[in-house]
Every structure is written in structure tokens, then in C-alpha cells.
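S.K.: Sharing a structure here in C-alpha cells format.
The values are calculated or read from the model by the stated rules, or taken from the named source; none is laboratory data. The structure displayed is predicted, hence computed values, not measured ones. We place every Cβ from the backbone using ideal geometry, glycine too, and count neighbours over all the protein chains shown.
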Amino acid sequence: MNLQQLEYIIAISELKNFSRAAEYCKVTQATLSAMVKKLEEELEIIIFDRKTNPIVVTDLGKEVIIQAKKVLLEAKELKNISHFNKNKVEGDISIGIIPTIANALLPKVIKKILNKYTNLSIHISELTTKHIIKQLKEGRIDIGILATPLEIEGIEENILYYESLMVYGSMEQDKKYLLPEELKDHKIWMLEEGHCLREQTIQLCSLEKKKAIPENFTFEANSFETLLNMVDDFGGLTLIPELYYQTLPTEKKNKVRFFESPFPVREVSLIYFRPFAKHRIIKALTEEIQEIIVPQLISSSCPKHELTIVKI
């Protein structure tokens, strides 16, 4: 068994075709087929059902491919060790980040990180929490940035910061500070299904899941900008996180109300799946984001007992 064989079976599993996998791996189809057959004989299992079109991975084959991905990633990490020292971070990192964090966080941190770690290549995709977890476990991304706690076995969570949640819109009594229970009788605009902040809004405000505005119109937004525009046009309220609040122009900031203590916050973390962890890069990114963001947040000046984490 060798690493090349593992690369071949992963390519076949993803491309579902021996010919395309051979082309991708830059070998002849005969060489690829012979190497895969030799691996199957060594393991005494069938990895691929060759009678189907496209190729189907057997149940045992799926387990082998999962382990193969782990082995290749660990092998890559071994090669990288010689390039690292205590003060040097380089290599490739793939990041999945949920949209409701990406829109305000990335402009604050990404340029500074790239300027500091010039030999670090960063690939970022906006994904839902569900897809981040799936791709982490499959080894398709290295880390995720999203709302926590998740409490999923095998997923490690590095807390980055606690971000205050705020209310955008007009209320009958124009108060600066609100209690969550004051919102439950109002019409609330929410993000579409799949966004963590939607579930946090429902929990914090004790809402019915389908509560919308107005009665004869159902609408679920995919961005904060859309939510705010709908509130401006139709009235009602919506919840926004603190970093997004910081990006608003003054006229919109004037429509934002804060919660009374204990302040509801969302916990934002960098997560990774233990078998695929790139620990040096993960540590550097965690510390860098914390250093940049934490001093900018209201929660940084509040005792922990004055904060309440809104669960997902």
C-alpha cells in the first residue's frame, strides 16, 4: 500500500469514472486500474462496483476512502512540519464561514491576516452550518467559522468572540433598551431557514416559527441588508449582530435598540474536525481574529454574568 494508491481511489470516488480519474492523476487508465486492483487484493475487499455506470463505491470502500483522506492529510502535514517554526505560518487553509458572520467579519480581518502571513494561502467559501460540518468531516475544508456551541462529537470549537444582538426597527414606545419579552408581540422579519440567527431570533423573542409580516405576505430574507430594507418599508423589527451594526450608516444606526442586561450575545467560534486539524494555522488564525475583533465589541467590557448566550 502506498500514498499514490490512496490518491487514486479518492479520485475515482469523486469523479465516478476510471478514465477521468486517470486523466486527473496524470497516469494511464491501465496503471490506475492495476494499482487500485492491487490495493483491493491487499485489503481483501472490493472498493468499487465496476459493473455500474457511473462507478459506485461499496460500503466497505466508503470506509476505506474516509481513512485514505485522513492518511493523505496527515502525510501532507508531515511534509509541512519542516517548513514551520515557532513564528512562521504557511501553507494552504480552506475555510467555510456562514454568511451572517462573513459579511462583517471578513472585511475587518482578512487583509490584516494576509499581510501578516504572506506565505499562507486562504480559500474561503460561504456555507450554511450544516454544509460546514459536512465538509469538515469529509476533509473538503479545514476549518469553519460559525455560531456555537454545537456540541458535536469530534468537532473542536475555539471561541473567537461574543457578539451582542440588537434590534432594528421602530416600536410604539421608542426605548433605547429593551427586554426580549417586549419583542414577542411584534412582527419580526427573519432570515430564511438554514441560518443560525433565525433560530436564535425565534428562541430569544419566543416567536412562532412562521411569524412574518404582513399577514398576507410570507418572506424570508437571505441577507441583513434585505431585512433592514423590508423593515424600513413595512415596519416591524429584526435582529442584527453587533459587527453588522458597526457597518451601518448613521441614519440606520439611529433605528437600532439595545437589550437590557443580561445582554443576549451569539458565540462565534472557529471549529475544526480533529482528524483533519492543521493546528499551527488554526492557532494563528484564532489568535489573530481574537486580537482584532474582541476589543471592538461591547461584550469585552461586560462581566460574564451580564451576558447570556443565545443557543442555536
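Okay, residues lined up against (1) in contact with a helix residue (DSSP H, G or I) (Cβ under 9 Å, 6 or more places away or on another chain); (2) under 29 Å from residue 278 (Cβ atoms):
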| position | (1), (2) |
| --- | --- |
| 1 | yes, yes |
| 19 | yes, no |
| 46 | yes, no |
| 63 | no, yes |
| 75 | yes, yes |
| 89 | yes, yes |
| 95 | yes, yes |
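S.K.: Continuing with this model, one more query. Is it the case that residue 114 is over 23 Å from residue 10 (Cβ atoms), loosely packed, with under 13 Cβ neighbours inside 10 Å and out of contact with any Gly (no Cβ under 6 Å at 6 or more places or on another chain)?
M.R.: So residue 114 passes the test.
S.K.: Can you pull out every residue in the range 118-132 that is under 22 Å from residue 76 (Cβ atoms) and within 8 Å of the chain's Cα centre (by Cα)?
M.R.: Within the range 118-132, just 132 meets the criteria.
S.K.: On the given criteria, is residue 164 more than 16 Å from residue 286 (Cβ to Cβ) and crowded, with 17+ Cβ neighbours inside 10 Å?
M.R.: The answer is yes for residue 164.
S.K.: Please go through the range 85-104 and pick out each residue that is within 11 Å of residue 145 (Cα to Cα) and in a loop (DSSP other than H, G, I, E, B).
M.R.: 98
Rundown of residues vs (1) out of contact with any helix residue (DSSP H, G or I) (no Cβ under 8 Å at 6 or more places or on another chain); (2) at pLDDT below 65, yes/no style:
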residue	(1), (2)
151	yes, no
157	yes, no
172	yes, yes
183	no, no
194	no, yes
199	yes, no
203	yes, no
215	yes, yes
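S.K.: Take residue 209 and decide whether it is loosely packed, with under 15 Cβ neighbours inside 10 Å, in the same structural domain as residue 171 (by TED's automatic domain parsing) and at pLDDT 85 or above.
M.R.: Judged against the criteria, residue 209 is not a match.
S.K.: Mind listing whichever residues of the range 44-59 are loosely packed, with under 11 Cβ neighbours inside 10 Å, at pLDDT 90 or above and in a loop (DSSP other than H, G, I, E, B)?
M.R.: Correct list: 44 only.
S.K.: Considering only the range 283-294, how many residues are farther than 13 Å from residue 110 by Cα and in contact with a strand residue (DSSP E or B) (Cβ under 6 Å, 6 or more places away or on another chain)?
M.R.: Of the residues in that region, 1 qualify.
S.K.: Write out, first by first residue and then by second, each pair whose Cβ atoms fall under 6 Å of each other, whose residues are 6+ apart or on separate chains, and whose first residue, in the range 19-36, is touching a residue at least 40 places away in the same chain (Cβ under 8 Å) while the second is exposed (fewer than 15 other Cβ atoms within 10 Å of the Cβ).
M.R.: none
S.K.: A follow-up question, please. Is there any pair with a first residue in the range 115-140 that is assigned by TED's automatic domain parsing to the domain that holds residue 97 and farther than 16 Å from residue 288 by Cβ and a second that is assigned to a strand (DSSP E or B) and of a type in the set (D, E, K, R) whose Cβ atoms are under 8 Å apart and which are 6 or more apart or on different chains, and what are they?
M.R.: Sorted first by the residue in the range 115-140, then by its partner, the pairs are 123/92.
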